[in-house]
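Structure record follows, encoded as C-alpha cells.
The values are calculated or read from the model by the stated rules, or taken from the named source; none is laboratory data. Just so it is clear, the structure is predicted and the values come from calculations on it, not from any experiment. Backbone-built Cβ (ideal geometry, glycine too); neighbour counts: all protein chains shown.
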Amino acid sequence: MKSAVSAFQPLTTDAIRAALSTNIFGRMLHLLDEVSSTNTVAAGLAQDGAPHGTVIVAEAQSAGRGRLGRQWHSPPGKNLYCSIILRPHPLPDQLPLWLSWIPLLCAVAAARTVQVVATLHPSVKWPNDIFVGPRKVGGLLCESSGAGTSSIFVLVGIGLNVNIRTHDFPETLRDHATSMAIEANRPFDRISVLSTLLSELEIRYETLVSGHLADLVDEYRMRCSTLGRWVRISLVGNDTLEGLAESIAGDGSLRIARGGSSAGLHGEGIVHVRAGDVVHLR
Ligand code: BTN
C-alpha cells in the first residue's frame, strides 16, 4: 500500500500500465467501468482474436459469475475483478494436462498475491478458492473454448476481495467471506494488487511453458488446505461424497478415500474427483 488515499482511487489505465512489471500479461489492457462479467467480455474479445495475455478489468460487475452457477458479489470501487485470456500451445498430448492445471496454478498465483501484498497466509481450497483462515477472500472461474482446434483459449477470471468491509457483504456472505482489508485491518492499493497478481500469474505460466509443471504441482500441494482433511463434496448433478482428501493426482483431480455410510455415494475405496464443491468437515 502506498498510502491510505491511493487505496481508494479509481483504477486508470495509465496507473495500471505504470505499475506493470510483466512482459506479456496486461500489456493489452481493457479497463471498463461496469460490465456484466469480465469473463463474458473476455470471451467476446478472445473470439475476435485478442492476443494471449490480454487482460480485462472492471470497476464493477452487474452479473459477476462464480463457479457452479453461483453469483460473485461485485460492488464498484472496492475489489478486483479481472479476466486474462490465455492461448496455450502445448504439445498436443499435453493439452488435457495443461487445461487441468492452469486453474490450479492461477489459484496459487492469486494466493501468493494476497500473501505478498497483505502479509497474510492464504491457502487454496481445492480446486481454486482462496481462503484466509476459515473465510474466502477470492475465487477463480476458468472457462475454455476451442479444444481440439488450433485456436483454443482459456479465460481465467479472478475475483479478489480487496477493500470491501464486512457490512458491505450481503448478510448471507458475511460469515463466509472476507477481504484483504478486513484481515489486515488496513486498505490496499488495488493497482498494486493487480500488478502483483499479473506478475505471479505470468511467472507460473512461463514455468509451465518451459516444461516445469512438476514444480508448480509441488507448490499447489503445499498451498492446498484440503489435503489431509475429511471433506464432503457436492458433485456435479446432485450426488455428494464424503471421505479423506488424500492427495492431488497428477491430472489435478482430488483423490478421496471414501468412507462412512453417511456419504451420499456409499462404499469404500478411492475416488478421483475432477469437479465439485468441497466443504472441509474436520
Ligand atoms: C468462485 O469462487 O466461485 C469464482 C469467482 C470468480 C469471480 C471472478 S470476478 C472476475 C471474473 N468475472 C466473473 O464473472 N467471474 C470472475
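For the range 118-142, how many residues are over 10 Å from the mean Cα position of the chain (by Cα) and within 9 Å of the ligand (Cβ to nearest atom)?
Selection size over the range 118-142: 1.
Report every pair of residues separated by at least 6 positions or lying on different chains whose Cβ atoms are under 6 Å apart, first residue within the range 192-211 and charged (D, E, K, R), second outside any helix (DSSP H, G or I) and buried (at least 23 other Cβ atoms within 10 Å of the Cβ).
As it stands, the answer is E202/F25, since those pairs meet every condition given.
Which residue is modelled with the highest pLDDT, if the candidates are limited to the range 144-156 and must be surrounded by 13 or more Cβ atoms within 10 Å (Cβ to Cβ) and assigned to a loop (DSSP other than H, G, I, E, B)?
Our first condition is that a residue be surrounded by 13 or more Cβ atoms within 10 Å (Cβ to Cβ); within the range 144-156, this holds for 144-146, 152-156.
Cutting the leftovers down to assigned to a loop (DSSP other than H, G, I, E, B) gives us 146, 152.
Details: G146: 76, I152: 93.
Top of the filtered list is I152.
Please work out which residue is modelled with the highest pLDDT, limiting yourself to the range 1-30 and to residues that are among the charged types (D, E, K, R) and outside any helix (DSSP H, G or I).
Among those residues, the one meeting the criterion is R27.
If you go through the range 110-132 one residue at a time, do you hit one that is part of a strand (DSSP E or B) and of a type in the set (S, T, Y)?
Yes, there is a match, as at least one residue in the range 110-132 is part of a strand (DSSP E or B) and of a type in the set (S, T, Y).
Would you mention how many residues in the range 36-94 are hydrophobic (A, V, I, L, M, F, W, C), assigned to a helix (DSSP H, G or I) and at pLDDT 95 or above?
Residues in the range 36-94 being hydrophobic (A, V, I, L, M, F, W, C), assigned to a helix (DSSP H, G or I) and at pLDDT 95 or above: 5 in total.
Out of V117, V108, V124, which single residue is more than 19 Å from T207 (Cβ to Cβ), surrounded by 17 or more Cβ atoms within 10 Å (Cβ to Cβ) and in contact with a helix residue (DSSP H, G or I) (Cβ under 6 Å, 6 or more places away or on another chain)? If you could, list the steps in order and put the result at the bottom.
On the way: V108 fails: more than 19 Å from T207 (Cβ to Cβ); V124 fails: more than 19 Å from T207 (Cβ to Cβ).
Going through V117, V108, V124 in turn, the sole match is V117.
If the requirement is being within 8 Å of the ligand (Cβ to nearest atom) and of a type in the set (A, V, I, L, M, F, W, C), which of these qualifies: A63, A43? So that I can check it myself, show each step before the final result.
On the way: A43 fails: within 8 Å of the ligand (Cβ to nearest atom).
Only one candidate passes the filter, namely A63.
Please specify each residue of the range 39-72 satisfying the condition of being among the hydroxyl-bearing types (S, T, Y) and more than 22 Å from R204 (Cα to Cα).
Residues satisfying the conditions are T40, S62.
Only one of I152, I203 is closer than 29 Å to G250 by Cα and over 18 Å from the mean Cα position of the chain (by Cα). Can you tell me which?
Of I152, I203, the one residue that is closer than 29 Å to G250 by Cα and over 18 Å from the mean Cα position of the chain (by Cα) is I152.
Between a first residue in the range 69-92 that is more than 18 Å from G49 (Cα to Cα) and a second residue that is more than 9 Å from the ligand (Cβ to nearest atom) and of a type in the set (K, R), which pairs have beta carbons less than 6 Å apart while being 6 or more apart in sequence or on different chains?
L80/R190
Take D33 and tell me if it is modelled with pLDDT under 95, surrounded by fewer than 22 Cβ atoms within 10 Å (Cβ to Cβ) and not aromatic (F, W, Y). Steps first, answer last, please.
Working: modelled with pLDDT under 95: no; surrounded by fewer than 22 Cβ atoms within 10 Å (Cβ to Cβ): yes; not aromatic (F, W, Y): yes.
So D33 fails the test.
List pairs: first in the range 150-179 and without any contact (Cβ under 8 Å) to a residue 24 or more places away in the chain, second in a loop (DSSP other than H, G, I, E, B) and surrounded by fewer than 20 Cβ atoms within 10 Å (Cβ to Cβ), Cβ under 6 Å, 6+ apart or cross-chain?
From residues that are without any contact (Cβ under 8 Å) to a residue 24 or more places away in the chain, the pairs are T166/R174.
Filter the range 60-93 down to the residues that are surrounded by 15 or more Cβ atoms within 10 Å (Cβ to Cβ) and among the polar types (S, T, N, Q) and list them by number.
If the condition is that a residue be surrounded by 15 or more Cβ atoms within 10 Å (Cβ to Cβ) and among the polar types (S, T, N, Q), then Q61, S74, N79, S83 are the ones that fit.
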